[in-house]
1. Using +1 at the C-beta of Lys and Arg and -1 at the C-beta of Asp and Glu, which of Leu9, Ser86, Leu36 has the Cα lying farthest in the positive direction of the dipole of the chain?
2. What does the range 1-122 give for Rg and for Dmax, in Å, if only its C-alpha atoms count?
3. Place a +1 charge on the Cβ of each Lys and Arg in the range 15-142 and a -1 charge on the Cβ of each Asp and Glu, then give the dipole magnitude about the Cα centre in debye, rounded to the nearest 20.
4. Kindly provide the Kirkwood hydrodynamic radius of the range 170-219 in Å, to one decimal, from all pairs of distinct alpha carbon atoms.
5. Would you be so kind as to identify which of Thr46, Ala175, Gly206 lies farthest towards the positive end of the dipole of the range 5-217, taking Lys and Arg as +1 and Asp and Glu as -1 on Cβ and the Cα centre as origin?
6. Under a 10 Å cutoff between Cα atoms, tell me which one of Tyr185, Tyr75, Tyr102 has the largest fluctuation in the Gaussian network model of the chain.
7. Lys and Arg at +1, Asp and Glu at -1: add these up for the other residues within a Cβ distance under 13 Å of Ala109 and post the number.
8. For Glu120 and Leu197, compute 0.36 nm times the residue count separating them, minus their Cα-Cα distance, and round to one decimal in nm.
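None of the figures in this text is laboratory data; all of them are computed from the coordinates on show. Model, not experiment: these values are computed from the prediction. Note: ideal-geometry Cβ built from the backbone for every residue, glycine included; neighbour counts use all protein chains shown.
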Amino acid sequence: MTFDLSFALEILPALLAALRVTVVATVAGSLLAFALGLGLAVLRRTPLVWPARAASWLVEGVRSTPLLIQIYFLYYALPGFGLALSPLATGILALGLHYSSYAAEVYRAGIEAVPRGQWEAARALGFSTALTWRRIVLPQAIPPIVPALGNYAIAMFKDTPLLAAITVLELLQTAKIIGAERFRYLEPLTLVGLLFLALSLLAAAGVRRLERHLVVRHA
């Protein structure tokens, strides 16, 4: 079988439309993961025992189970609790929850790298806990962990094909449907691989640029 360029150009618009779904799932899932991960990291440092333990159990439980199982569980279990979401919304929620546990560990490492003297100086100056986090701790903790968070965002992008299990027509699923309808898989799967590669490289370059910007800004 040879690569048919005309057929590849014919199906490219459909794949680009599906790519938008993949990008939306990645961006929304990343925002949810990074926000929830930060909340979990902060909660694990609270002096309140049970909230800290609950956050730790959640992080370890999510990290110890496969993403695909979590996708199925949310898709089929949430309606039983009266929360019916669309397949795409469920997929975004699953991606966000799954990667929030990894983001929480990254945040924890960044927070623990802040010298203890910074906390003590903030208390000596009469800073509130919220102000200490916002003005002292997070500005020092986040820049060094940007590469790790960026890597998880790229990993999430490459995990979006799992959403096809709950009928989300993302990029790979669309390519498989086109292949089944036209009895040609070489062109759609090749284009999918190239699109994933191109966007992953662009995202990696963006992460490196953001890292340099943060280093210069906080130097």
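1. About the Cα centre, the residue reaching furthest to the positive side is Leu36.
2. 19.8, 69
3. The calculated dipole for the range 15-142 is roughly 260 debye.
4. After inverting the mean inverse Cα-Cα distance, the result is 12.9 Å.
5. Comparing the listed Cα positions along the dipole, Thr46 ranks first.
6. Tyr185
7. So the surrounding residues net to +1.
8. Length gained between Glu120 and Leu197: 23.1 nm.
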